[in-house]
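Notes follow the structure.
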Amino acid sequence: MDPYYSDDLVTIYHGDCREILPAVAADAVITDPPYGVGKVYGDSYTDTGGAAYWDFIRCVVDLCRTTAPVVAMTHRPPAMREITDWHWLCAWCKPDIQSRLFHHHVNPTWEPIFCWGTEHLTTWRPDTFVVPAISPTTVPGDHPFPKPMSLMIQLVQWLCPSGTVVDPFMGSGTTLRAAKDLGRRAVGIEIEERYCEAAVARLAQEVLAL
């Protein structure tokens, strides 16, 4: 595989994660997949939902669990009807949620984080992450549903105290940026090239020591 981007800590692959994950090994997978809500992400993927969507998600979860001993995946509450084999469930609580991010009147104030393999971790074991939802006016790379940097930093710190993090749905690169800022190695996979471009731009911004 030829990487789309690579530096001392981060490698990005542009393509379908189902094809790339079998060739990747890591210490943790931390990812935020499409939620099956009908969003058009670009020319390569439309988040249509339905039975085919859940078959796709379960397939990717199985691949993630062969890629790394620890896996964490964010999703929306209805996913608990479809994903049932998790080992640990955390809650991302979202105070002051931005209602403009959603197209319905009842806005969720929390999201589950499905975890596998966390029983082997000896570090901090949280149940709840209280992090405000990201504002739609500060969306990196014009991604429709990015996760807050502070949330991904906490997940990387907990789930990957050292080693390599993989995000098979990297979007605009929030998980990769969090991993790089913490000195972890990271691998990102993204099927939409415009988000690969956005992630590369974010990763090129170096953090200066104070």
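The values are calculated or read from the model by the stated rules, or taken from the named source; none is laboratory data. The shown structure was predicted, so the numbers you read here are calculated from the model rather than taken from an experiment. Cβ placement follows ideal geometry from the backbone for every residue including glycine, while neighbour counts extend to all protein chains displayed.
Can you tell which of Pro148, Pro77 is at pLDDT 90 or above, in contact with a strand residue (DSSP E or B) (Cβ under 7 Å, 6 or more places away or on another chain) and surrounded by fewer than 20 Cβ atoms within 10 Å (Cβ to Cβ)?
Answer to the selection: Pro77.
When Thr122 is evaluated against the numbered criteria (1) assigned to a helix (DSSP H, G or I); (2) modelled with pLDDT under 90, which criterion, by number, is the only one it fails?
For Thr122, the exception is condition (1).
Is it true that Ala179 is part of a helix (DSSP H, G or I), crowded, with 24+ Cβ neighbours inside 10 Å and either among the charged types (D, E, K, R) or in contact with a Cys (Cβ under 8 Å, 6 or more places away or on another chain) (or both)?
Numbers: part of a helix (DSSP H, G or I): yes; crowded, with 24+ Cβ neighbours inside 10 Å: yes; either among the charged types (D, E, K, R) or in contact with a Cys (Cβ under 8 Å, 6 or more places away or on another chain) (or both): yes.
For Ala179, the condition - part of a helix (DSSP H, G or I), crowded, with 24+ Cβ neighbours inside 10 Å and either among the charged types (D, E, K, R) or in contact with a Cys (Cβ under 8 Å, 6 or more places away or on another chain) (or both) - is met.
Tally the residues that are under 23 Å from Val165 (Cα atoms), part of a helix (DSSP H, G or I) and not hydrophobic (A, V, I, L, M, F, W, C), restricting the search to region 59-87. Explain how you work it out, then say what you get.
Within region 59-87, the subset under 23 Å from Val165 (Cα atoms) is 59-76, 83, 85-87.
If we keep only those that are part of a helix (DSSP H, G or I) too, we end up with 59-67.
Right, trim to not hydrophobic (A, V, I, L, M, F, W, C) and you get 62, 65-67.
Counting residues in region 59-87 that are under 23 Å from Val165 (Cα atoms), part of a helix (DSSP H, G or I) and not hydrophobic (A, V, I, L, M, F, W, C) gives 4.
Where the second residue is polar (S, T, N, Q) and part of a helix (DSSP H, G or I) and the first is touching a residue at least 60 places away in the same chain (Cβ under 8 Å) and lies in region 186-201, which pairs have Cβ atoms under 8 Å and are six or more apart or on separate chains?
Ala186/Thr175; Gly188/Thr175
Checking Val61 against (1) at pLDDT 95 or above; (2) surrounded by fewer than 16 Cβ atoms within 10 Å (Cβ to Cβ); (3) under 15 Å from the mean Cα position of the chain (by Cα), only one condition comes out false. Which one?
(2)
Would you confirm whether any residue within region 93-108 is of a type in the set (A, V, I, L, M, F, W, C) and either under 16 Å from the mean Cα position of the chain (by Cα) or modelled with pLDDT of 95 or more (or both)? Give the steps one after another, and end with the answer.
Quick first cut of region 93-108, residues of a type in the set (A, V, I, L, M, F, W, C) only: 93, 97, 101-102, 106.
Remaining after also requiring either under 16 Å from the mean Cα position of the chain (by Cα) or modelled with pLDDT of 95 or more (or both): none.
No.
For the subset of region 33-58 comprising residues that are of a type in the set (D, E, K, R) and not in a loop (DSSP other than H, G, I, E, B), which member is modelled with the highest pLDDT? Even if it seems obvious, please write down each step before you answer.
We begin by selecting, within region 33-58, every residue of a type in the set (D, E, K, R); these are 39, 43, 47, 55, 58.
Then keep just the ones that are not in a loop (DSSP other than H, G, I, E, B); that gives 55, 58.
Details: Asp55: 93, Arg58: 96.
Only one residue fits best here, namely Arg58.
Touching an Asp or Glu at 6+ places or on another chain (Cβ under 7 Å), at pLDDT 95 or above and within 28 Å of Arg185 (Cα to Cα): which single residue out of Ile20, Ile30 fits that description?
Ile30
Among (1) in contact with a helix residue (DSSP H, G or I) (Cβ under 9 Å, 6 or more places away or on another chain); (2) part of a loop (DSSP other than H, G, I, E, B), which single condition is Ile189 missing?
(2)
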